[in-house]
Amino acid sequence: MSLSAKNVESLVACTLVWAALSGCAAPSSVVRQGDRVALSFDCRLPGGELAVTTRPETALAGERRSGVYLPRTGPATVEVTAGGGAAAGEERIPFEQEVLQRLAPLTVGLRQGERAQLTLSAGRFPVSSPKEKTVRVARVRKRPKELRMTPQVYREQTGKAPAVGEAYGNDKAFAGKVVETGDQEVVVRFVPAAGEALATPLGKATVRELPDSYELEIAANRGGLVRVGPIVGQVAEIDDAFMTIDFGHPFGSATLACDVEVVQVERPVPGAAQGAGPAAKAAPAAARDAGDLDPARVEELVGALRAMNAGAGKGAEPGKNGAAAMLPASAGDLARVDYTARLEDGTVIYSTRKEVADDVSLKKAPWFGAPANLKPEPVAVGGRAVLPGVGEALAGMAVGEKKRLVLPPERAFGPSDPAKMERLPLTRTLPRRIIIPAQEYVSRFGSFPVAGKEVPLTPYFPARVEAVREHEAEMVLLAENGRSYQDPFGTTTVAVDGENVVTVLTPVLGSTFPGPTGSGIITRSDGTSFTLDTNNPLAGKTVAIDLELASLTSNADLPAGEPPWRNDHDDALAQAKKDGKPAVLILYADWCGFCKRLFGETIPDPRIREVRDRFAWIKANSDKDAELRARYGQNGFPMVVLFNADGSQAVKLDGYQEASKLRAALEELH
């Protein structure tokens, strides 16, 4: 069976997992089963081309890179659990993660500081038919002759004002040049380099000129390796219009020769207390394909800002303004701050003040929304705050004192990253008949497939189950030809073309669109594709913050030490219910770096300590308790589970939780 369009999109949207966790250090010699091993390595294809490496791009001068190589931005080492390995399953994971999982078993027996030549090979994934892991893609693609954008978008992308004759973009084979500028629009024209093939993720392409675009024909090589998003496949078949890519093998049927160095070996210390040990060197492997901290960019900002404000919500005690009010704020104190943040042109992006939120004459950002509780926000003096620089600026201030911060982009939300500009097609083609595994059907729709049943497979039209076989369901899309659907980001028109369903989007510039790697802003469209900016909406902007210290609670007045942790899960929850207390349950693993951050940074934060005594605190090492993981549906570490006072489960929070977000969640318990 063919891989469904939905599955292909899910694979392409998958995020690469490049993470290293710190464990409990112990003197190392020979690597043993279960050790955490920091590795640096190069893995090459049989022809010597680099396929994957831990080295940064700056250290690869002169290297021959294969078509499946992607630059790396993480630390110079990655960590694996010695002896761990990849089970032979049908689900694809990113190519780099495949390499890590297959290196892990081969590290046992090596020594710290040792270099070894290791060979990675693997058989095909177990499937009932080879075509269950193939996908057909078009060999002919189109590129625009022109792009039109606002001057602001141009400045954000290039860092300079538009000028006629300026080069645009970094693609030397398909160079762009500014040909017109005006107050409202900048026009960029593209001209392919004469006599040069254009590089694409699927291979070299020749270019043909059409009246309003350029047509690219990919010169695929049968048997060659290609990369589609995070996964690697092999070109299996080629015809005039399409190529068939086989994703049924972890490495596209290639064998990898890896030069591996064991940089460090860390062995868990039996009986060591959770939370001890060094902080993580880098982020842990994401439990979800977009990582634990990958919500929509605009909503991320709004939600985080509101979460911070919620800390001063129901049940929060006001700051003490006695002796503490006479002393300047110092690190570790709990401050409550009133502030308004603006862009350089005066646009308000956030405020805790009612008079600002209610003033309709003030220019506000499109995503501006008044918080539910217009009160001063709790901030740890000297610590991280939702808006950069606020926590540090409070140090030395007295209650009632005002201050203005002006943060350039590098100190605010960073520069705009061109790599976060995605080009997406306006037209998408789906097969009318699709086949999905029965397990995926049950997971998606919560029931077993039954012939004749209609289910909401897409946002615009349902699908009907046509046939049910032992391990799969065949479905047909019930699309209505010519019908249009209105969304905040534009109008989608549906056409039924024989055995295909074609959707065409007419986008609304400036609107938010849920892209494959996260939501972003539609900044431009050329008639065949549109550009989605997934940068933080404040990236590249200077931010001015007017703040006032409203109240201050001394660090000495907050509960000291750790919460009264309980480790007996069932009894602790029963006691919390009996006492009428909401409960906080943290599911952790000894080796988890983000778990250590949660225990070492978030829980001791003044914003959590202030309300700590209202809750029962429970922790459980679910890494050693499969029943607990199954009970809470846990797929990664840590997980925070919150319970109301009546014992009912309120919410599950996946991954590391910053103090302001955890505080906001605690305030919602009842």
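Just so you know, all these numbers are worked out from the coordinates, no wet-lab data involved. This structure is a prediction, so every number in the text was calculated from the model and none was measured. Here Cβ is always computed from backbone atoms with ideal geometry, including for glycine, and neighbour counts include all displayed protein chains.
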Entries in 364/541; 624/661; 133/624 that, when Cα-Cα distance is taken, lie over 24 Å:
624/661; 133/624
Quick one: Karplus J couplings for the stretch 361-367, per residue in order, coefficients 6.51, -1.76, 1.60, θ = phi - 60°, nearest Hz, x for Gly and Pro?
7, 7, 6, 10, 5, x, 8
Residue 566 long-range amide H proximity, modeled H, under 5 Å:
617, 618, 619
Got a sec? Which residues in the stretch 493-508 would a label at residue 432 touch, if it sits 7 Å along Cα→Cβ and we count backbone N under 20 Å?
493-504
Highest mean first, what order results for 589-595, 385-391, 148-154 on Cβ atoms within 10 Å?
589-595, 385-391, 148-154
For the residue 354, residue 464 Cβ pair and Förster radius 51 Å, calculated FRET efficiency rounded to 0.05 is 0.45
Contour minus end-to-end for residue 187 and residue 392, with contour as 0.36 nm per residue of separation and end-to-end as the Cα-Cα distance?
69.5 nm
Pop out the ³J(HN,Hα) list for the stretch 236-245 in order, Karplus 6.51 cos²θ - 1.76 cosθ + 1.60 with θ = phi - 60°, rounded to Hz; leave Gly and Pro as x.
9, 9, 9, 9, 5, 10, 10, 10, 9, 10
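Report, in debye and to the nearest 20, how large the dipole of the stretch 336-431 comes out about its Cα centre when Lys and Arg carry +1 and Asp and Glu carry -1 on their Cβ.
140
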Net charge near residue 347: determine it from the other residues with C-beta under 11 Å of the C-beta of residue 347, scoring Lys and Arg +1 and Asp and Glu -1.
+2
Förster radius 22 Å - calculated FRET efficiency between residue 404 and residue 362 (Cβ-Cβ, nearest 0.05)
0.80
Describe numerically, in nm with one decimal, the distance between label points set 7 Å from Cα along Cα→Cβ at residue 121 and at residue 646.
6.3
What FRET efficiency, computed as 1/(1 + (r/R0)^6) with R0 = 30 Å and r the Cβ-Cβ distance, is obtained for residue 451 and residue 481, rounded to the nearest 0.05?
0.80
Working out 0.36 nm times the residue gap between residue 544 and residue 567, then minus their Cα-Cα distance, what length gain in nm do you get to one decimal?
3.7 nm
The stretch 433-478 - charge dipole about Cα centre, Lys and Arg +1 at Cβ, Asp and Glu -1, debye rounded to 20:
100
Going highest first, how would you order 524-531, 97-104 by mean Cβ packing within 10 Å?
97-104, 524-531
Using a cut-off of under 20 Å, list every residue of the stretch 585-617 whose amide N is near the label point 7 Å from the Cα of residue 670 along the Cα-to-beta-carbon line.
614-616
Cβ-placed point charges (K, R +1; D, E -1), dipole of the stretch 521-655 about Cα centre in debye, nearest 20:
160
Going by how many other Cβ atoms sit within 10 Å of their own, how do 140, 78 line up, fewest first?
140, 78
With label points set 7 Å from each Cα along the Cα-to-Cβ direction at residue 208 and residue 575, the distance between them in nm comes to 7.6
Scalar couplings 3J(HN,Hα) for the stretch 505-518 by Karplus 6.51 cos²θ - 1.76 cosθ + 1.60 (θ = phi - 60°), nearest whole Hz, x for Gly and Pro, are 9, 9, x, 9, 4, x, 8, 8, 10, x, x, x, 10, x
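Multiply the residue gap between residue 58 and residue 29 by 0.36 nm, knock off their C-alpha separation, and tell me the result in nm, one decimal place.
Extra length from residue 58 to residue 29 when fully extended: 7.3 nm.
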Taking amide H positions as placed in the peptide plane 1.01 Å from N, state which residues far from residue 524 in sequence (5 or more) or on other chains have amide H under 5 Å from it.
531
